[in-house]
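Trainee: Below you will find the structure I want to go over with you.
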Amino acid sequence: MQKLTRILKRAPKRSIAALVLLALLIHMLIVGTGVIRQFEDRRWDIPAGVYAAPLELYAGLSLDASGLTATLDQLGFQQAVAVNRPGQYRVATNQVTLWTRAFQFWDKLESAERYTIRFDDGRILAIDRADGQRSALLRLEPMRLGSIFATHHEDRLLVEPDAIPLTLVDALKAVEDRKFDRHIGLDLTAILRAAWVNLKSGEIRQGGSTLTQQLVKSYFLDGRKTFRRKYQEAIMAVALELRYDKQALLHAYVNEIYLGQQGTRAIHGFGLAAEFYFGKYLSQLELHETALLIALVKGPSYYDPRRHPERALARRNLVLQMLAELDIVDDEAATESINRELGVTARSRVGSRYQPAYMDLVRRELATQYSDESIASIGLRVFTNLEPGVQRLAEQQLVDGLKRLDPADESAAALEGAVIVTQPATGAVLAMIGGRDVATAGFNRALDAKRPVGSLMKPFVYLAALESGNHTLATSIEDAPIDVELETGDIWSPENFSLESHGEVSLLQALAASYNQATVSLGLATGVEALVDILTVFGAEGPPPAYPSLLLGAFELAPFDVASLYNTLANDGFRTPLVAVRSVVDTTGQPLTRTALEVEQVADPDAVHQLNRGLVEVMQQGTGRSAKAILPDNLVVAGKTGTSDEYRDSWFAGFSGDHVAVVWIGRDDNEPAGLTGAAGALSVWAPMLAAMSTTGYQPAYSEDLEAVWIDYDTGLRSRRGCGNAVQILVPAGTQLKRQPGCSNVFDEIGDRVRNVFEALTE
Amino acid sequence: MQHRRLVLLLPLLGLTACASVPLDETAGEIGEPPAEVAESRAQTGTAEAIRELVESSRTSRASGDYSQALANIERAIRIEPRNPYLWLELGETHLSRGNTQQAAATARKAMSVAGADRVAKMAAEGLLERAMGP
């Protein structure tokens, strides 16, 4: 120390100054490089862009003009009096004219073309190109769902430079940093003014920050207002200005700035903020909405429009006045906007473009093939199977259903839910919802809430029995108290839901009415191992050990896994993996990976068809019958209710001809939800299916099966209209005993003739 | 063997026809379909769209661009998943690129949706035989 003082004393004053300056410069360089690295990291990150499934238009498709224009509006097409350029459409009676925008799909480039689409009776009649050529198929560009950032669990809706509205740019500069285009990161007069204010008050109160400084601040997420911090910020701002042009900085700012908070979720960037506050794309915002977002820059929490609407309104109107004074907007528009309400949406929004649960699935699928880094930075374009219409319906029904079942205030509501919808033949995941707050990233119950499936297991018990060849749905079985000795030596005596036993019943009734005792007795006769085998080939994780309690669904699965099992039932016993990602291409449109449609037969289709007939009966007079009042009369659906012990989990899994849907309702803390599968999950499932454009379940004809009428209770052969006669499928040639009083004389003659004939041809 | 017997029996079984399994009316046609099937398809109108996709798929397959061939046929299957002829096309593509396992699995899938369409059924049996090899 003494030595140093001596050296300093001896050194000329000028060299000391030079030394200090050098030290300062080195410090600046270090700080500057740090911020530039940070900026580079983010700037060159082109996150994966994720797209929904495109709408395919063709003659015969069930779609009317308003359905088409709703989709076009979502894609950002403009309605116009005359269609003069791509991105416009015009509506006339039973006819829509549109000019598509060119879009590079995973398989080919669809060029921009003008089409006229004619409708008739709720269907597309014809699609004609402008040159008069008939077009068989028109694939619209897909909706963009958002981007995937791999690192830091941030969710953002990135706005590309050319998608930033000019008004936003001008307004931002006007309100936050008028000298932005001229300064080099610092606005000296603003700093002096702020310094004066701060000096007077003795603490830092006023910022005087340029947009560049604000950007720096948000990179380092440090709210401390110390002089040292300010000094660093200033250096960093200058460093960024020296290195990058204004446009790059502004682009970063628009995507980076902090604009709100929801729980632990920080809302960064104008793209996500537009979504968060208004449920819109940034480009769709009206002036009063843009002004509110700009108002929030100053203090997202203080001016939170949901918590402090009067503050937010005052600040927004101040912004609008400023914009009018600076001639960025004309007075008339400003006045009109000042008179508008804030217009922010409620928290739980439906029909949002942002689907965090589905994006989560996409991210997980991508992670099996791509590194985090490439997902986040090399500009992949990801095409998914999400169908916006189905997703919207599912959100609507889950949110409405939970509100109905749990009318408590949103913050107090304990009931949660998850939904998955798939296409049976392809395994395409069309929609997924991970919780009641459909637009917020968080615990994804559809994928991660593993819960006991209860009676959802039963169909697989019956499938094992049907596949064994020893049973049909007409077989009669004993529903009676049963004692099962477990490995532990304990005795297990399952009860029925009603606490009553029903005696001799048909397999059909036992399945439809979900009798526990009959099911356990059937499962033990067939062997629990047979059930485990089915679960294994169907792809259930585990596989579970062959304990008798498995027969009644003492096995935990996530809704997604349940959907996978039921998808195989709906798909005639063919297993196809459930997938969200259809194809991934690079920035130039070159395909990198595509998910091939692969099937594997894991069950006898005839046995599956027999079983599914039983699942149809569940909906007719079994535990799912309450859905009949909600579903269209002619829509045949199949499904099964599930309720776990003490009403903790309420399940419904089922399918029509085109859709498999699984709904789970329960509580995160695993306390009883107090709902059966029918009272809870089915009350969401049924209106969802009713609102979808879907066709009824119908098994393909098989010559190895025949349809017969049996009595629902006894399983004896009956005839149509006699007592409680129900039609089922049985292996061709199955001989069934007749129900007294319900036999058909013609049937008997037919049988006799057939017997004679078979004897002759044998 | 067994279906020949059933064909013979059909008129007689007509007596008990109230119990007939509903046929899958939507089973479609590509290539050389029975005339009546083609007609019913034309009514629903999707035939043209499907035909276009199948033709592109075949062109791609012929030129060895299997990825494109699969993309086209899968697009068609998404529109009409219960059309056995589309699964047959998919299976043929798998077979062309040497994926006999998927070709066989797809042939079985075609069979399961073929329903009463014997042309489709026989084609599926043929594909399955070729996929399983000698």
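Trainee: Once you compute Rg and the Kirkwood Rh from C-alpha atoms, what is the Rg to Rh ratio for the range A:253-364?
Mentor: Checking Rg against Rh, the ratio lands at 1.00.
Trainee: Straight-line reach from A:Lys217: which lysines fall under 29 Å, measuring Cα to Cα and dropping same-chain residues less than 8 apart?
Mentor: Once the sequence-local lysines are set aside, what remains near A:Lys217 is A:Lys173, A:Lys179, A:Lys200, A:Lys225, A:Lys230, A:Lys246, A:Lys280, A:Lys298.
Trainee: Separation between the B:Arg97 and B:Ser67 pseudo-spin-labels, each 7 Å from Cα along Cα→Cβ, expressed in nm?
Mentor: The modelled label-to-label distance comes out at 0.9 nm.
Trainee: While we're on this one: List the residues, sorted by chain then number, that are 5 or more residues from A:Thr593 or on another chain and whose placed amide H is less than 5 Å from its amide H.
Mentor: Residues meeting the amide H criterion: A:Val584.
Trainee: Stretch A:Ala414-A:Leu19 to full length: gain in nm at 0.36 nm per residue minus the Cα-Cα span? Intermediate values should be presented prior to the final figure.
Mentor: Numbers: separation 395, 0.36 × 395 = 142.20 nm, distance 6.49 nm.
Stretched out fully, the A:Ala414 to A:Leu19 stretch lengthens by 135.7 nm.
Trainee: To the nearest whole number, what is the average tally of beta carbon atoms from other chains within 10 Å of the beta carbons of peptide B:109-122?
Mentor: 4
Trainee: Let me ask something else about it. Once all Cα-Cα distances of the range A:454-554 are split into 5 Å bins that start at 0, what whole-number percent is in each one?
Mentor: 2, 14, 26, 25, 19, 10, 3, 0
Trainee: Ranked from highest to lowest mean number of other Cβ atoms within 10 Å per residue, what is the order of the peptides A:385-393, A:670-678, A:651-659? Intermediate results must be reported in sequence, preceding the final value.
Mentor: On the way: A:385-393: 23.1, A:670-678: 19.3, A:651-659: 25.7.
Peptide ranking by packing, descending: A:651-659, A:385-393, A:670-678.
Trainee: Add -39500 (n - 2.57) for each DSSP H run of 4 or more in chain A, then divide by its residues: what number comes out at 222 nm, to the nearest 500 deg cm²/dmol?
Mentor: My calculation for chain A gives -12000 deg cm²/dmol from helical runs alone.
Trainee: Give me the dipole magnitude in Debye, nearest 20, for chain A about the Cα centre, with unit charges on the beta carbon: positive for Lys and Arg, negative for Asp and Glu.
Mentor: Using Cβ point charges on Lys, Arg, Asp and Glu, chain A gives about 5020 debye.
Trainee: Can you put A:Cys722, A:Cys742 in order of Cβ neighbours within 10 angstrom, beginning with the fewest?
Mentor: A:Cys722, A:Cys742
Trainee: Using the Kirkwood radius built from alpha carbon pairs, what does the Stokes-Einstein equation give as D for the range A:551-688 at 4 °C and 1.567 mPa s, in µm² per second?
Mentor: 79
Trainee: So what's the range A:696-744 giving for Cα Rg divided by 2.2 N^0.38 Å, two decimals?
Mentor: Rg over 2.2 N^0.38 Å, computed on Cα atoms: 1.17.
Trainee: When all C-alpha to C-alpha distances in the range A:54-141 are sorted into bins of 10 Å, what percent of pairs does each bin hold, rounded to whole numbers?
Mentor: Here the calculated profile for the range A:54-141 is 18, 57, 24, 1.
Trainee: How many Cβ atoms of partner chains, on average, are near each residue of A:448-460 if near means within 10 Å of its Cβ? Write out the running numbers ahead of the final one.
Mentor: Values: counts 0, 0, 0, 0, 0, 0, 0, 0, 0, 0, 0, 0, 0.
Per residue, the number of nearby Cβ atoms from other chains is 0 on average.
Trainee: Separate question: Step by step: find N for the range B:37-132, compute 2.2 N^0.38 Å, then divide the Cα radius of gyration by it. What's the final number?
Mentor: Compactness ratio reported: 1.02.
Trainee: When N counts the residues of the protein assembly as shown, how does its alpha-carbon radius of gyration compare numerically with 2.2 N^0.38 Å, as a ratio?
Mentor: Its radius of gyration relative to the 2.2 N^0.38 Å reference: 1.13.
Trainee: Between A:Thr189 and A:Met28, what FRET efficiency comes out of the Förster formula 1/(1 + (r/R0)^6) with R0 = 25 Å and r the beta carbon distance, rounded to 0.05?
Mentor: That pair, A:Met28 with A:Thr189, gives E of 0.65.
Trainee: Next up: Computed FRET efficiency, Cβ-Cβ of A:Leu199 and A:Asp245, R0 51 Å: what is it to the nearest 0.05?
Mentor: Rounded to the nearest 0.05, the efficiency is 0.90.
Trainee: For A:Asn339 and A:Arg229 in the same chain, what is the full-extension length gain: residue separation times 0.36 nm, less their Cα-Cα distance, in nm?
Mentor: That pair, A:Asn339 and A:Arg229, stretches by 35.6 nm at full extension.
Trainee: How many nm separate the modelled label positions at A:Val537 and A:Thr93, each set 7 Å beyond the Cα in the direction of the Cβ?
Mentor: According to this spin-label approximation, the distance is 5.9 nm.
All of the numbers you see were taken from the coordinates with simple rules; none came from a lab. Since this is a predicted model, take the numbers as computed values, not measurements. Every residue, glycine as well, gets a Cβ built from its backbone with ideal geometry; the counts of neighbours run over all protein chains shown.
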